[in-house]
């Protein structure tokens, strides 16, 4: 077994609904939906855009998935988690078989 095969095999275990992942719905621009598994993260961020005393607090939801499950994903497509819709803001494959979908909650 090659190292690349071993890493992809480990991804199946790590990004699993039985372990760290959860099942969400991915809806492409044609309206076709599919269940995919990913690791949800909604990290809190506080940043200071102007260098003064005022900070902006925000949450940045993202979903880490196997690249093979979202290989055709594009910005403006939809992820649905617990009946809440999120628009894909950016698709960031890292070249190792993992892609991070940066999301924005639909209002």
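A short reminder: the numbers here are calculations on the coordinates, not readings from a lab. All values reported here derive from a predicted model rather than from experimental measurement. Glycine gets a Cβ as well: all are built from the backbone with ideal geometry, and neighbour counts include every protein chain shown.
Side notes on the structure shown:
- Nearest 10 degrees, 0 to 90: helix 3-14 Cα axis against the chain principal axis: 70 degrees
- Extended-chain gain in nm, criterion 0.36 nm per residue less alpha-carbon gap, residue 102 and residue 20: 27.7 nm
- Spin-label model, residue 92 to residue 72: label points 7 Å out along the Cα-to-beta-carbon direction sit 2.5 nm apart.
- The value given for the chain is a Kirkwood hydrodynamic radius of 14.9 Å, derived from the mean inverse Cα-Cα separation.
- Relative contact order (%) - criterion: Cα under 8 Å, at least six apart; region: segment 58-107: 43 percent
- Relative contact order (percent, whole number), segment 13-105, Cα cutoff 8 Å, 6+ residue spacing: 24 percent
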